[in-house]
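First the structure, in the form of structure tokens, and then the observations on it.
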Amino acid sequence: MGTLEETNPSYWVATSPETAFPRYGGAGETVDVAVVGGGITGLAIAHSLKRAGLRVAVLEANRVASGVTGYTTAKVSSLHGLTYARLAKSLGEDGAAVYAGANQQAIELVAGWVGELAIECDFERLPAFTYTESVEGSSDIEAEVAAAQAAGLAAELVEGDIGLPWPVAAAVRLDDQAQFHPRRYCIGLAQAIDGDGSFVFEQTRVTDVDQGDPCVVTTEHGELRADHVVLATQLPFLDRGGFFAKTHPERSYALSARLEGPAPAGMYLSSDSPTRSVRPIRAGGDEVILGGEGHKTGQDDDTEQRYRVLEEWARERFDVRSIDHRWSAQDYMPVDEVPYIGKLTRTSPNVHVATGFKKWGMTHAHVAAMILTDEIVGLHSPFASLYDAHRGTPVSGAKPLVKENLNVAKRFLGDRVSAMRARSIDHLSAGQAGVFTLGGKRVAAYRDDEGALQCVSATCTHLGCLVAWNTAERTWDCPCHGSRFGCDGRVINGPAVDDLEPVVIDDPIAEED
Ligand code: FES
């Protein structure tokens with residue numbers, strides 16, 4: 001697969017075909033809606049708009065579903081850990097009910113499209129569980145069952161055996177949820193979008209959007225025009241709207257394992273710390289996906305250790321025959337539990353955004369498809385005001401927002417201090433990397449396995465924080481808003497759109513500060 005995250009390709013990437021949609025040819029195309037981002041969100045939105053009779057163009061910087069969508073655990077569920085009790089507290093029971101309704105409708109939308117387009121993506125219905133192994137955690141589970149029921153979900157409280165190889169103290173069970181192969185599903189959507197005046201363009205990075213009538217979308221291969229633009233790139237690369245200050249990026253880890261016996265027959269998430277996620281690759285099969293070990297992006301010195309811990313846990317809890325794939329993903333967490341879906345700013349009627357899916361992108365991509373299709377064709381969406389991208393932050397969310405921004409400020413300042421303390425680039429051995437200060441400039445240096453040195457600017461091209469080395473993925477990750485760059489400085493994930501500048505170093509020791 002030609003993805004940029006090829007260091008650790010996921011099971012989904014390794015078991016789906018390559019795609020070869022063309023680059024944008026720069027012919028000055030005009031469409032009704034340009035959708036920036038060819039992950040599950042962009043594709044679901046584009047497919048929904050095309051079904052509503054609009055001409056769309058999807059613009060994907062790499063290959064469709066090769067970013068976060070190809071690196072998920074792919075649970076299509078309305079049961080999101082311990083969400084409903086918190087939502088009922090901050091937004092009231094009505095708010096929690098709208099959230100539940102939107103996600104349930106999203107599951108049905110996926111099921112409908114899989115059937116309509118005959119997409120071979122192993123879509124299957126399974127129960128979802130949120131469980132605790134501790135007696136102390138049981139009261140949270142009981143509260144979640146009550147809140148989920150009040151929100152209209154057929155949640156049940158269960159104990160003991162929930163199909164895992166260990167007993168649990170208590171669990172929420174919600175039937176009729178779903179799972180699938182996310183990349184095969186997305187390729188099916190992309191094939192349905194392309195054609196009849198609509199397009200899917202790959203390897204076409206968008207660098208700017210000029211809001212107007214029509215909007216002008218600038219790509220690295222030329223401009224195209226659209227009445228509406230949807231930014232579906234996780235965190236929007238346009239700073240307007242301030243979403244980088246209302247969300248924070250988190251990385252989490254997963255692996256696929258083949259077991260000696262059958263895999264558990266449901267989708268599971270623990271509410272304990274550290275969190276653990278379990279799902280079979282196919283119900284009745286012997287392969288399983290296990291996940292966990294989440295942390296803030298760019299704020300862990302040894303990401304390799306995360307994989308080691310997860311693997312140890314896997315072998316402790318399951319009869320593992322082999323571990324076949326391991327991968328990590330990045331998600332954006334909103335401050336108040338609800339993603340942001342709607343207009344980019346209050347004064348941008350033609351530019352729309354969907355971000356902050358808090359690790360539940362499979363359903364929220366489709367919630368975004370429903371809300372933004374209604375917004376663009378001028379219909380009322382029953383979900384729009386809950387997900388309003390410019391809603392006020394509930395009082396209970398205000399503190400985390402302040403805390404998040406404080407955290408970003410600390411990274412901005414603190415990283416500069418630690419960069420100055422780093423030793424000479426010359427001390428890097430093969431496979432090592434670090435941030436250095438050379439001639440007054442912050443330099444991100446990586447020595448590859450052959451001993452060659454690759455140096456790029458350590459200053460993130462989004463808003464100027466210092467990047468940090470990710471040992472497991474061999475990428476430069478920005479701790480502020482989650483932009484990620486390859487070891488050669490290429491942008492992997494936005495909001496940054498520009499690569500880290502290459503730095504030429506003649507004599508690393510002489511140039512060290
Ligand atoms: Fe915003 Fe790096 S992602 S400063």
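A few points about this structure:
- Look at (1) out of contact with any helix residue (DSSP H, G or I) (no Cβ under 7 Å at 6 or more places or on another chain); (2) open to solvent by 60 Å² or more (accessible area, probe 1.4 Å) and you find that Val158 fails only one, number (2).
- Positions within region 212-242 being touching a helix residue (DSSP H, G or I) at 6+ places or on another chain (Cβ under 8 Å), open to solvent by less than 20 Å² (accessible area, probe 1.4 Å) and away from the ligand (no atom under 16 Å from the Cβ), in sequence order: Val230, Ala232
- Search result, residues across region 115-147 that are crowded, with 21+ Cβ neighbours inside 10 Å and either modelled with pLDDT under 95 or of a type in the set (A, V, I, L, M, F, W, C) (or both): Ile119, Cys121, Leu126, Ala128, Phe129, Ile141, Val145, Ala147
- The conditions of being more than 13 Å from the ligand (Cβ to nearest atom), open to solvent by less than 60 Å² (accessible area, probe 1.4 Å) and within 25 Å of Ala329 (Cβ to Cβ) are met by Trp469.
- Single residue of region 300-323 satisfying the filter (open to solvent by 30 Å² or more (accessible area, probe 1.4 Å) and in contact with a Phe, Trp or Tyr (Cβ under 9 Å, 6 or more places away or on another chain)) that is farthest from Thr471 (Cα to Cα): Arg317
- Filtered residues of region 456-466 (kept if more than 9 Å from the ligand (Cβ to nearest atom) and surrounded by fewer than 23 Cβ atoms within 10 Å (Cβ to Cβ)): Val456, Ser457
- Filter result (farther than 30 Å from Gly494 by Cβ and assigned to a strand (DSSP E or B)) within region 244-284: Ala257, Arg258, Leu259, Tyr268, Ser270, Val278, Pro280
- Looking only at region 441-473, and only at residues there that are charged (D, E, K, R) and either modelled with pLDDT of 90 or more or not in a loop (DSSP other than H, G, I, E, B) (or both), the one that is nearest to Asn62 (Cα to Cα): Arg447
- Residue in region 444-451 that is within 16 Å of the ligand (Cβ to nearest atom) and of a type in the set (Asp, Glu) present: no
- Count - residues of region 52-86 that are outside any helix (DSSP H, G or I), open to solvent by 10 Å² or more (accessible area, probe 1.4 Å) and more than 30 Å from Ser138 (Cβ to Cβ): 9
- Count of region 243-285 residues which are open to solvent by 10 Å² or more (accessible area, probe 1.4 Å) and within 16 Å of the ligand (Cβ to nearest atom): 5
- Output for region 472-489, where each listed residue is within 8 Å of the ligand (Cβ to nearest atom) and open to solvent by 10 Å² or more (accessible area, probe 1.4 Å): His481
The values are calculated or read from the model by the stated rules, or taken from the named source; none is laboratory data. Quick caveat: nothing in here was measured; it's all calculated off a predicted structure. Neighbour counts are summed over all protein chains in view; Cβ atoms, including those assigned to glycine, are modelled from backbone coordinates with ideal geometry. We work out accessible area using only protein heavy atoms, side chains counted, and drop any ligands, DNA or RNA first. Shrake-Rupley method; radii C 1.70, N 1.55, O 1.52, S 1.80 Å.
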